[in-house]
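Contents: one structure, followed by commentary.
The values are calculated or read from the model by the stated rules, or taken from the named source; none is laboratory data. This one's a predicted model, so the numbers in the text were calculated from it and none came from an experiment. Methodologically, a virtual Cβ is constructed for each residue, glycine included, from the backbone with ideal geometry; neighbour enumeration extends over all protein chains shown. Side chains included, ligands, DNA and RNA excluded: accessible areas come from the protein's heavy atoms. Shrake-Rupley method; radii C 1.70, N 1.55, O 1.52, S 1.80 Å.
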Amino acid sequence: MTATLSARVYRPTPANLSRLARVLAEGGLVAAPTETVYGLAADALNARACRAIFRAKGRPANDPLIVHVDSLAQAADIAELNDAARAVAKAFWPGPLTLVLPKKPGVPAIVTSGLDSVAVRMPAHRLFRALIRRSGCPLAAPSANPFGYVSPTTAAHVRAGLGSRIGHILDGGPSEIGVESTILDLRNPKHPALLRPGAISREALETVLKRRVSAYRRKAPESEAAPAPGMLERHYSPRTPLTLVSKLTRADLGRIAPDEAILFLKKPAGKIGASIFWLTSDGSLEEAAHRLFDVLRQLDDGRWRKIHAELIPGRAALAMAVNDRLARAAAKR
Ligand code: TXA
Ligand code: MG
């Protein structure tokens with residue numbers, strides 16, 4: 001039995017925005033673009049609506065959601081904004097930065113997985129902001145993919161993954177940045193910590209906060225307590241097994257079987273076989289992040305037995321963000 005794709009894809013006309021805002025205000029789900037990836041949105045103050053997000057994604061209840069807001073005042077209704085939060089919000093909002101802060105009482109437990117903290121972000125995408133404004137709701141929204149699979153950066157990606165489980169997808173074209181927001185833990189403003197690398201760098205945050213931000217570690221050492229909820233090792237995964245290599249040369253290519261694909265950062269010079277893929281034509285990190293999830297989906301179409309992916313050199317924010325997603329895609333089940 002094949003599932004029917006019941007989702008309707010909407011163009012971003014004013015009439016459609018009003019209609020989708022009404023769906024949200026009435027407790028429904030809408031997938032919509034942000035500048036990072038597409039999100040599956042619901043009224044963050046409606047526990048029933050938020051439970052439907054977890055059901056649609058097949059997401060475990062211990063993986064909390066990010067609440068998206070349209071103003072600092074709305075953020076202050078959701079979370080306790082300390083001075084550090086106000087400073088980074090002023091510097092980076094609207095934009096790809098999520099803050100983990102002590103939560104305000106009105107936020108349903110389902111949104112935060114029962115934690116006393118909440119993740120908040122003011123996205124930069126005009127359509128997502130329009131949905132928040134027109135619905136009058138802060139919007140809880142995880143990435144709009146089935147749990148554990150590659151995040152979506154187009155309406156077509158959302159439809160391919162969730163088309164039989166949700167009714168409404170707003171098409172705003174491809175997400176510009178292409179990897180999820182940087183997550184900064186500011187529960188204790190004296191000890192800020194990076195929980196997920198994204199387009200905004202740790203160094204940029206340190207400059208604004210005027211203090212050290214502890215670095216992101218993909219995997220907590222065994223000796224430590226369980227990592228933060230949702231910081232799951234395996235994530236963003238294509239079905240095709242993926243292995244990481246730090247640098248591939250032409251000479252390595254001969255050793256790779258014909259049914260194995262190779263993902264380079266930069267398009268290699270010379271003759272290019274069907275099994276050669278690349279993230280950028282010129283090595284631009286912006287382009288690499290922007291295309292990453294789409295290329296991973298192309299590589300996952302069943303033609304390849306294995307994917308060899310090259311890590312991006314350097315410590316720039318987007319290099320670390322892309323490498324993090326590749327490493328998680330490569331993690332064993
Ligand atoms: O760019 C993004 O952040 C996208 C767009 C849609 O805004 N959203 C996104 O959501 O990536 P999601 O659900 O795929 O990832 C959010 C992660 C969770 O997996 C969890 O690790 C973390 O945010 N998170 C949420 N609330 C938290 C909390 N109270 N404490 C620690 N981590 C939290
Ligand atoms: Mg996600």
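If you scan the stretch 13-29, which residues turn out to be within 16 Å of ligand 1 (Cβ to nearest atom) and under 13 Å from Ala130 (Cα atoms)?
Of everything in the stretch 13-29, those that are within 16 Å of ligand 1 (Cβ to nearest atom) and under 13 Å from Ala130 (Cα atoms) turn out to be Leu20, Leu24.
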All but one of (1) among the polar types (S, T, N, Q); (2) within 16 Å of ligand 2 (Cβ to nearest atom); (3) in a helix (DSSP H, G or I) hold for Gln74; state the number of the condition that does not hold.
(2)
All positions within the stretch 275-289 that are assigned to a helix (DSSP H, G or I), without any contact (Cβ under 8 Å) to a residue 60 or more places away in the chain and crowded, with 19+ Cβ neighbours inside 10 Å
Leu285, Ala288
Starting from residues that are out of contact with any helix residue (DSSP H, G or I) (no Cβ under 9 Å at 6 or more places or on another chain) and outside any helix (DSSP H, G or I), keep the ones in the stretch 290-309 and report whichever is least open to solvent (accessible area, probe 1.4 Å).
Asp300
Kindly indicate whether Thr207 is at pLDDT below 95, farther than 28 Å from Leu40 by Cα and either touching a Gly at 6+ places or on another chain (Cβ under 9 Å) or not in a loop (DSSP other than H, G, I, E, B) (or both).
no
Checking the structure you have, find out if any residue of the stretch 119-134 is away from ligand 2 (no atom under 16 Å from the Cβ), closer than 27 Å to Val213 by Cα and part of a helix (DSSP H, G or I).
no
Is it the case that some residue within the stretch 95-116 is under 19 Å from Arg22 (Cα atoms) and out of contact with any helix residue (DSSP H, G or I) (no Cβ under 6 Å at 6 or more places or on another chain)?
no
Do you know which residues across the stretch 165-193 are over 28 Å from Gly27 (Cα atoms), open to solvent by 40 Å² or more (accessible area, probe 1.4 Å) and either among the aliphatic types (A, V, I, L, M) or within 16 Å of ligand 2 (Cβ to nearest atom) (or both)?
none
Out of all the residues in the stretch 61-71, is one or more surrounded by fewer than 22 Cβ atoms within 10 Å (Cβ to Cβ), away from ligand 2 (no atom under 16 Å from the Cβ), within 14 Å of Pro138 (Cβ to Cβ) and among the hydroxyl-bearing types (Ser, Thr, Tyr)?
yes
Lone qualifier among Ala156, Ala144 - being assigned by TED's automatic domain parsing to the domain that holds Arg55, within 26 Å of Leu326 (Cα to Cα) and open to solvent by less than 20 Å² (accessible area, probe 1.4 Å)
Ala144
Screening Ala91, Ala85, Ala109, Ala47 for residues that are out of contact with any strand residue (DSSP E or B) (no Cβ under 7 Å at 6 or more places or on another chain), among the aliphatic types (A, V, I, L, M), within 15 Å of ligand 1 (Cβ to nearest atom) and in contact (Cβ under 8 Å) with a residue 12 or more places away in the chain leaves only Ala109
Residue count for the stretch 238-259, restricted to those that are modelled with pLDDT of 85 or more and either small (Gly, Ala, Ser) or open to solvent by less than 20 Å² (accessible area, probe 1.4 Å) (or both)
5
Cβ-Cβ under 6 Å pairs, at least 6 apart or on other chains, the stretch 7-20 side closer than 17 Å to Arg126 by Cβ and touching a residue at least 60 places away in the same chain (Cβ under 8 Å), far side small (Gly, Ala, Ser) and surrounded by 15 or more Cβ atoms within 10 Å (Cβ to Cβ):
Pro12/Gly172; Leu17/Ala130
